[in-house]
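Report on the following structure.
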Amino acid sequence: MDVPDGLRYTDDHEWLRVEGDAGVVGITGYAADQLGDVVFVELPAVGARFERGRTFGVVESVKAVSDLFAPVAGEVLEVNPALADQPELVNAEPYGAGWMVRLRLSDPAQADALKDAVAYREMTKAG
Amino acid sequence: MRRTSLYDRHAAAGARLIEFGGWEMPVQYKGILEEHRAVRQAAGLFDLSHMGELFVAGPGAVAALAYALVSDPGRLAVGRAQYSLICAPDGGLIDDLIVYRLAEERFLVVPNAGNREAVTDAVRERLAGFEAQLDDASLRTALLAVQGPHAQGIVAPLIDADLGALRYYGITPARAAGTDALVARTGYTGEDGFELFVPWDAAPALWDRLMEAGRGAGLVPVGLGARDTLRLEAGMPLYGNELDWTVNPFEAGLGRVVRLDKAGDFVGRSALEAALARPLSRTLVGLVLRERGVARHGYPVFAPAAAASPTGVVTSGTVSPTLGVPIAMAYVPPDASAVGTMEAVAIRDGRVAAEVVALPFYSRPR
């Protein structure tokens, strides 16, 4: 399963790509594969604020409902508008067109506490 | 957990396996949506060996089954099948099942995997006093289904019976790829298709022959995930979702199955007669969500939408792969069950608008 270098990962299978004081969040290819075909993504409103670890949305596959957890604290700058009509992008391109939200990071240093690609690969290999 | 004789085939095909009714079964191979579409547009191959197969035979078989079930198997011609229900004395639904008449005095009853033991126990008990014997062949009978518009073209070359002459809900003995089989034109997908009952150990070779025969016709193996979305689009109830011990057949829209007009007593008759005499307290409807969201089993329903508190509950829901909209079945009060009624499904913190529609959601083109 593809785990790109340069991203940060949570134990709940979200990824975070830090871009200065902002960050893009999605779910990993491993998570998308485990969920199966994604049919619905519920995302927050622009401007919503989340503490680290709080639920910011929901992703649903045919069989399962899964909460999305904020990998770091932040304010929603943008949500991926394409997912409303094409939730399958989460399966097809989990690290690309299937991204979910862009956050203004409250504390960019929080990203350092997340796993790097090597550690995440190790975790999903064991799991 | 039990495994079917096709376990190795599932593992080799990369299936994701789950526990279902005490069995380790494939929930998906390549993906539920892809498998669902294959069945609608071409064909799918299912391992249903977890389901029960009970043979009931003897001079008293007709009378025994008429007593044990709510339907009237005596009305079946040889080679025909009917959808039926088995109820407890209090009218509680033990299971829904298919009854096939194989001969004048020989029937095949097919219950759900998870209810096999309860049904077997009930049927055995109810056969007492009748000249009929029960043979639970579930663990030595495999069941393969080929469903979809290309099913007949795939199955026919492997069968020595004329499938063109086999009508919907018909069954015939035949040779299938070198083994003795019962071939039925039944299914749980809303498509044309066949179910093949074969000896347990003959299933792997038949599976391979079917896969080979279907290669050019788009046949793919299909798991329980797509089986669920297919039956839901077809408006077919699933025991454990739409049906359970607390539901009576009239609430579930299955009153036509209950033959109160048949001669003699049957288990559940007085309770079902009483239930029919009372106004229904709830009725099963189809819903299409008119806003974004997915209604899931157990979600409360405000029916009608203006109701102050939830008055109904979702029994099954998904995003319809064929229609592209969220669909659900739900129990709602009868006065809020007319087609066109607007309801609201409680999904997490919000309410999502839903409209009552006629079932099924999907009918195959004919």
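Would you mention how many residues in segment B:283-300 are under 17 Å from B:Val325 (Cβ atoms) and either part of a strand (DSSP E or B) or within 14 Å of chain A (Cβ to nearest Cβ) (or both)?
12
From the list B:Ala42, B:Ala113, B:Ala12, B:Ala81, exactly one residue is among the aliphatic types (A, V, I, L, M) and either more than 25 Å from B:Glu233 (Cα to Cα) or within 14 Å of chain A (Cβ to nearest Cβ) (or both). Which is it?
Working: B:Ala42 fails: either more than 25 Å from B:Glu233 (Cα to Cα) or within 14 Å of chain A (Cβ to nearest Cβ) (or both); B:Ala113 fails: either more than 25 Å from B:Glu233 (Cα to Cα) or within 14 Å of chain A (Cβ to nearest Cβ) (or both); B:Ala81 fails: either more than 25 Å from B:Glu233 (Cα to Cα) or within 14 Å of chain A (Cβ to nearest Cβ) (or both).
One residue alone meets the criteria, B:Ala12.
For every residue, the table says whether it meets (1) out of contact with any Ser or Thr (no Cβ under 9 Å at 6 or more places or on another chain); (2) β-branched (Val, Ile, Thr); (3) over 30 Å from B:Glu34 (Cβ atoms).
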{"position": "A:Gly20", "(1), (2), (3)": "yes, no, yes"}
{"position": "A:Tyr30", "(1), (2), (3)": "no, no, no"}
{"position": "A:Asp37", "(1), (2), (3)": "no, no, no"}
{"position": "A:Val41", "(1), (2), (3)": "yes, yes, no"}
{"position": "A:Val46", "(1), (2), (3)": "yes, yes, yes"}
{"position": "A:Phe56", "(1), (2), (3)": "yes, no, no"}
{"position": "A:Ala64", "(1), (2), (3)": "yes, no, no"}
{"position": "A:Ala70", "(1), (2), (3)": "no, no, yes"}
{"position": "A:Leu77", "(1), (2), (3)": "yes, no, yes"}
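Report, ordered by the first and then the second residue, all pairs with beta carbons closer than 6 Å, sequence separation of six or more or different chains, a first member in segment B:315-340 that is within 12 Å of chain A (Cβ to nearest Cβ), and a second member that is small (Gly, Ala, Ser).
Close Cβ pairs satisfying both conditions: B:Gly317/B:Ala295; B:Gly317/B:Ala328; B:Ile327/B:Ser320.
Give A:Gly57, A:Gly98 a once-over and let me know the one that is in contact with a strand residue (DSSP E or B) (Cβ under 9 Å, 6 or more places away or on another chain) and either of a type in the set (S, T, N, Q) or farther than 20 Å from B:Thr318 by Cβ (or both).
Residue meeting the stated conditions: A:Gly98.
Output the qualifying pairs, or none if there are none: Cβ atoms under 6 angstrom, residues six or more apart or on different chains, first residue in segment B:36-55 and in contact (Cβ under 8 Å) with a residue 60 or more places away in the chain, second residue charged (D, E, K, R) and in a strand (DSSP E or B).
Listed by first residue and then by second, the contacts come to B:Leu54/B:Asp136; B:Phe55/B:Asp135.
Which is polar (S, T, N, Q) and either in a helix (DSSP H, G or I) or modelled with pLDDT under 95 (or both), of B:Thr120, B:Thr172, B:Thr189?
B:Thr120
Of (1) touching a residue at least 60 places away in the same chain (Cβ under 8 Å); (2) more than 14 Å from every other protein chain (Cβ to nearest Cβ); (3) among the β-branched types (Val, Ile, Thr), B:Val352 satisfies all except one. Which?
For B:Val352, the failing item is (2).
Answer yes or no: is there a residue in segment B:92-112 that is at pLDDT below 95, farther than 17 Å from B:Arg185 by Cβ and outside any helix (DSSP H, G or I).
Yes, the conditions are met somewhere in segment B:92-112.
The values are calculated or read from the model by the stated rules, or taken from the named source; none is laboratory data. Bear in mind the structure is a predicted one, so any value in this text is a computation, not a measurement. We place every Cβ from the backbone using ideal geometry, glycine too, and count neighbours over all the protein chains shown.
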